[in-house]
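Asks: I have a structure I would like to understand better, so I am pasting it below and will then ask my questions one at a time.
The values are calculated or read from the model by the stated rules, or taken from the named source; none is laboratory data. Keep in mind that this is a model prediction, so the values were computed, not measured. Don't worry about glycine lacking a Cβ; one is built from the backbone with ideal geometry, like all the others, and counts go over all protein chains shown. SASA here: full protein model, heavy atoms, side chains in, ligands and nucleic acids out. Shrake-Rupley method; radii C 1.70, N 1.55, O 1.52, S 1.80 Å.
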Amino acid sequence: MVDRVLLTGATGYIADQLLPTFRDRYQMVLVDVKAENRQGERVDDVAVADLIDTDRSKYAHLFDGVDAVVHLGYKRRSGNPLEHFYDENQNVTMAYNVLRCAYEAGVPRLAIASSNHAADWYEHNLIHTRQMEMLDPYTLPLSDNFYGWAKATYEHLGFLFANGLGGFNDASGRQSHTSNLASGRKMGVVMVRIGAPRHLDINLYTDDPANYKRDLGAYISPRDLTQLFVKAIEAPNIDNAHGIPWQVVYGISNNTRAFWSLSNAREVLGYAPEDDSEVVYADDIRRLLIEPGTPGGRVGG
């Protein structure tokens with residue numbers, strides 16, 4: 001039973017969507033680098049901590065007695081895209097620190113915010129050129145930017161901890177070449193590749209109907225996003241086909257235009273999305289994509 005949940009990035013945009021339900025459902029431990037949200041409003045009960053700091057003794061105690069961790073914390077990148085590696089590398093360090101603290105505190109389950117960008121090379125090069133219809137979350141993650149690279153690295157880090165850090169079989173840390181069996185405890189990890197968790201304002205797509213159709217496929221409503229994270233930390237068994245408690249799932253609603261698979265989110269987690277962007281935005285779709293004389297014309301209506 002999940003009773004106490006630690007949430008990182010607690011003053012951020014995604015947390016703002018989750019917290020109303022999470023506060024009602026769980027005892028919350030909230031962590032972020034500041035106690036105010038994007039609107040400058042104070043979020044109650046936030047423990048201020050820098051999870052990038054490699055001195056984990058400053059915040060490791062926050063993980064004690066926790067049943068699940070939801071990791072949303074993220075440092076924004078800035079500057080030249082070729083320099084984004086440095087900011088994203090700090091995000092990888094933060095993900096490691098969260099996984100390490102949870103592992104050492106005996107936390108049984110983590111849900112970590114990955115992103116659709118972890119595998120966006122397929123979208124940019126195969127899906128939108130009609131060479132691929134649906135991307136499975138178990139396909140090798142390939143990205144064409146450092147943001148996606150970092151998210152894919154999160155996923156692999158999560159696998160290491162889910163597998164019990166197999167291969168390092170003695171206290172010295174020496175790697176065993178005779179066995180690949182895990183030596184430590186297996187910690188359940190669900191990586192959520194979040195799609196488009198925002199209102200799709202038609203005014204932003206007037207001259208870009210192709211991107212509007214893309215975001216209709218990637219859309220996830222606040223209630224579906226909340227349900228998915230609840231399922232990610234509460235599903236009793238998340239073992240994959242190899243017996244490792246590790247899943248990568250796409251975070252989208254039940255969208256008619258979806259191009260990412262929800263198969264394991266449905267089958268393993270029991271995710272049952274309630275919304276479809278085609279219904280939520282029916283009037284806007286008709287105006288932008290279907291009606292004659294609109295910028296989108298009838299293409300893809």
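Asks: Taking Arg198, is it modelled with pLDDT of 95 or more, assigned to a loop (DSSP other than H, G, I, E, B), open to solvent by 10 Å² or more (accessible area, probe 1.4 Å) and not hydroxyl-bearing (Ser, Thr, Tyr)?
Replies: Yes, satisfied.
Condition check ((1) aliphatic (A, V, I, L, M); (2) assigned to a helix (DSSP H, G or I); (3) at pLDDT below 90; (4) open to solvent by less than 30 Å² (accessible area, probe 1.4 Å)) across all residues:
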site	(1), (2), (3), (4)
Thr129	no, no, yes, no
Lys151	no, yes, no, yes
Phe159	no, yes, no, no
Ala171	yes, no, yes, no
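Asks: Another question, then. Can you tell me which residue within the stretch 70-111, out of those that are open to solvent by 60 Å² or more (accessible area, probe 1.4 Å) and polar (S, T, N, Q), is nearest to Gln27 (Cα to Cα)?
Replies: Ranking the qualifying residues of the stretch 70-111, first place goes to Gln90.
Asks: Among the numbered criteria (1) surrounded by 15 or more Cβ atoms within 10 Å (Cβ to Cβ); (2) closer than 20 Å to Ser221 by Cβ, which one does Arg38 miss?
Replies: Single failed check for Arg38: (1).
Asks: Scan the stretch 51-69 for residues that are open to solvent by less than 80 Å² (accessible area, probe 1.4 Å), free of Cβ contacts under 8 Å to residues at least 60 places away in the same chain and in a loop (DSSP other than H, G, I, E, B) and jot them down.
Replies: Passing the criteria: Leu51, Ile52, Asp53, Asp55, Tyr59.
Asks: What are the residue pairs meeting all of these: first residue in the stretch 278-292, first residue farther than 13 Å from Asn203 by Cα and of a type outside the set (S, T, N, Q), second residue open to solvent by 100 Å² or more (accessible area, probe 1.4 Å) and in a helix (DSSP H, G or I), Cβ atoms under 8 Å, and 6 or more apart or on different chains?
Replies: Here the result reads none, with nothing in the stretch 278-292 linked to a residue that is open to solvent by 100 Å² or more (accessible area, probe 1.4 Å) and in a helix (DSSP H, G or I).
Asks: So the check is Cβ under 6 Å with 6+ separation or different chains; which pairs have a first residue in the stretch 79-92 that's under 7 Å from Ala150 (Cβ atoms) and a second one that's in a helix (DSSP H, G or I)?
Replies: Glu88/Phe146; Glu88/Ala150; Asn91/Ala150; Val92/Ala150; Val92/Thr153
Asks: Separate question: Do you know which residues across the stretch 201-223 are part of a loop (DSSP other than H, G, I, E, B) and among the acidic types (Asp, Glu)?
Replies: Answer for the stretch 201-223, where residues must be part of a loop (DSSP other than H, G, I, E, B) and among the acidic types (Asp, Glu): Asp201, Asp207, Asp208.
Asks: For Gly217, indicate whether it is of a type in the set (Gly, Ala, Ser) and either modelled with pLDDT of 95 or more or surrounded by fewer than 14 Cβ atoms within 10 Å (Cβ to Cβ) (or both).
Replies: Taking the combined requirement at face value, the residue satisfies it.
Asks: In the stretch 236-281, what residues are in contact with a helix residue (DSSP H, G or I) (Cβ under 7 Å, 6 or more places away or on another chain) and among the polar types (S, T, N, Q)?
Replies: Result: Gln247, Ser253, Asn255, Thr256, Ser277.
Asks: Considering only the stretch 79-107, state which residues are outside any helix (DSSP H, G or I) and touching a strand residue (DSSP E or B) at 6+ places or on another chain (Cβ under 6 Å).
Replies: Correct list: Val107 only.
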